[in-house]
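Q: Take a look at the following structure, please.
FYI, it's all coordinate maths here, none of it is from the lab. Predicted model, so just to flag it, every value in this text is computed and none were measured. All Cβ positions, glycine included, derive from the backbone under ideal geometry; neighbour counts span all protein chains shown.
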Amino acid sequence: MSKPDIRELVNQRILVLDGAMGTMIQRHKLEEEDFRKGWFEEHDQPLKGNNDLLSLTRPEIIKEIHAEYFKAGADIAETNTFSGTTIAQADYGLEDAVYDINYQSAKIAKEVADEFTEKEPNKPRYVAGSIGPTNRTASISPDVNDPGYRAITFDQLVEAYSLQVKALIEGGVDLLLVETVFDTLNAKAALYAIDLVQEELKTDLPIMVSGTITDASGRTLTGQTTESFLISISHMPLFSVGLNCALGAKELRPYLKIMDDKAPFFVSAHPNAGLPNEFGEYDETPEQMGEQIESFLDEGLVNIVGGCCGTTPDHIKVIAEMAAEHEARKIKQL
């Protein structure tokens with residue numbers, strides 16, 4: 001379906017990313033059989049909680065979630081592929097399912113995006129292929145007694161990300177989103193994989209990167225400051241760079257300001273609905289989160305804004321309504 005290149009659209013207005021996939025999936029109270037249906041009935045390991053599989057086993061649920069976010073005002077939907085690498089799926093013994101997970105997830109999201117674009121051609125919808133950080137880190141050791149040990153190599157990460165990226169592109173995504181980056185070396189492996197696959201497939205999809213500041217120190221899990229993270233990935237011709245997860249909007253703002261000051265790219269933010277409570281749940285209402293996000297918009301800090309953990313279509317609706325009333329950030333001449 002013909003629609004404007006998102007690289008043109010982002011110059012005209014603030015774009016809205018969707019909210020949390022996991023939060024919405026939890027509402028369905030799914031059981032083990034939901035993660036096996038039609039694909040993995042004979043699999044010899046428990047699969048409950050492996051949400052990426054639902055794009056294969058319960059695609060109607062994933063389709064409905066994408067539709068709810070688009071109805072709420074999202075311009076961009078993320079594919080249900082946060083753990084869609086052979087590295088992450090190895091925990092379930094499902095490395096062989098990785099291509100199908102990513103391809104079908106992209107196809108589902110694309111179908112919903114096309115449906116909404118056809119109904120509302122003045123508000124085209126896009127799909128971002130979600131590329132998560134994996135459950136391994138290339139920069140630090142998981143063993144305090146052996147600081148030189150690494151659980152994964154750069155080349156292994158490149159191989160895993162290449163398979164994911166190829167499936168996402170062939171499934172029809174419009175952008176690629178390397179998100180929730182806690183180890184920049186992992187992200188650099190993902191970016192290298194994207195470069196290799198795009199060259200192979202002769203594509204030129206926009207690339208988004210979103211890092212994660214893990215606490216009030218203003219650093220990633222592997223110790224980089226926000227500016228260091230930005231510098232480390234600025235060799236790539238990125239569409240956008242930003243921050244997501246770990247923190248709520250209020251806590252994220254000072255680090256987002258650094259991105260605004262220093263980034264030669266468009267800037268994105270999709271914070272959590274506040275900080276988790278003692279039960280690991282997110283209590284911030286759409287209105288409370290909206291009040292904090294409005295400061296991003298008033299100060300012109302972002303070009304793309306959405307939600308991460310704990311956010312719902314109700315949160316995105318409030319964010320989208322606010323975004324429509326504000327001008328997008330202007331890239332500074334550095």
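Q: So which of 71/123; 3/119; 29/250 end up more than 20 Å apart, counting from Cα to Cα?
A: On the way: 71/123 11 Å; 3/119 13 Å; 29/250 31 Å.
Distance filter (> 20 Å) returns 29/250.
Q: Right, here's the next one. Kindly provide the GluC sites (Glu not before Pro) of the stretch 20-58 that DSSP labels as loop, not H, G, I, E or B, and whose Cβ sees at most 15 other Cβ atoms within 10 Å. Display every interim value, and only then the final one.
A: Details: sites: 31, 32, 33, 41, 42; in loops: 31, 41, 42.
Listed in order of number, the matching sites are 31, 41, 42.
Q: Continuing with this model, one more query. Using the number of other C-beta atoms within 10 angstrom as an exposure proxy, rank 161, 69 with the fewest first. Before the final figure, lay out each step's value.
A: Numbers: 161 27, 69 32.
Ranking 161, 69 by Cβ neighbours within 10 Å, fewest first, gives 161, 69.
Q: Find the centroid of the Cα atoms in the stretch 310-328 and in the stretch 1-41, then give the distance between the two in whole Å.
A: Value for the Cα centre distance between the two parts: 16 Å.
Q: Something else now. So what is the relative contact order for the stretch 6-323, in percent, with contacts set as C-alpha pairs under 8 Å and at least six apart? Write out the running numbers ahead of the final one.
A: Numbers: 649 pairs, mean separation 59.7, N = 318.
This gives 19 percent for the stretch 6-323.
Q: Dipole of the stretch 137-215, Cα-centred, from +1 at each Lys and Arg C-beta and -1 at each Asp and Glu C-beta, to the nearest 20 debye?
A: Working: 4 positive and 13 negative charges, 5 e Å.
Once rounded to the nearest 20, the dipole reads 20 debye.
Q: What is the order of 154, 239, fewest Cβ neighbours within 10 Å to most?
A: Details: 154 15, 239 22.
Fewest to most other Cβ atoms nearby, the residues stand as 154, 239.
Q: Treat each spin label as a single point 7 Å out from the Cα along the C-beta direction, and report the residue 151 to residue 71 distance in nm.
A: My value for the distance between the label points is 3.9 nm.
Q: What size of dipole, in debye to the nearest 20, comes out for the stretch 6-323 about its Cα centre when the only charges are +1 on Lys and Arg C-beta atoms and -1 on Asp and Glu C-beta atoms?
A: That gives a dipole near 560 debye.
Q: Check every DSSP H run in the chain and write down those whose alpha carbon atoms cover 24 angstrom or more along the long axis and whose mean Kyte-Doolittle hydropathy is 0.0 or greater. Please list the in-between numbers first.
A: On the way: long enough: 98-119 (32 Å, -0.67); 154-171 (25 Å, 0.38); 184-201 (25 Å, 0.43).
Sorted by number, the helices that extend far enough and score high enough are 154-171, 184-201.
Q: Take the alpha-carbon centre of the stretch 144-201, take the same for the stretch 69-114, and report the distance between them in whole Å.
A: 15
Q: A further question on this structure: If r is the Cβ-Cβ distance from residue 7 to residue 39 and R0 is 35 Å, what FRET efficiency results, to the nearest 0.05? Intermediate results must be reported in sequence, preceding the final value.
A: Working: r = 36 Å, r/R0 = 1.04.
Efficiency, rounded to the nearest 0.05: 0.45.
Q: How would you rank 141, 210, going from fewest to most other Cβ atoms within 10 Å of each one's own Cβ?
A: On the way: 141 13, 210 23.
Lowest to highest Cβ neighbour count: 141, 210.
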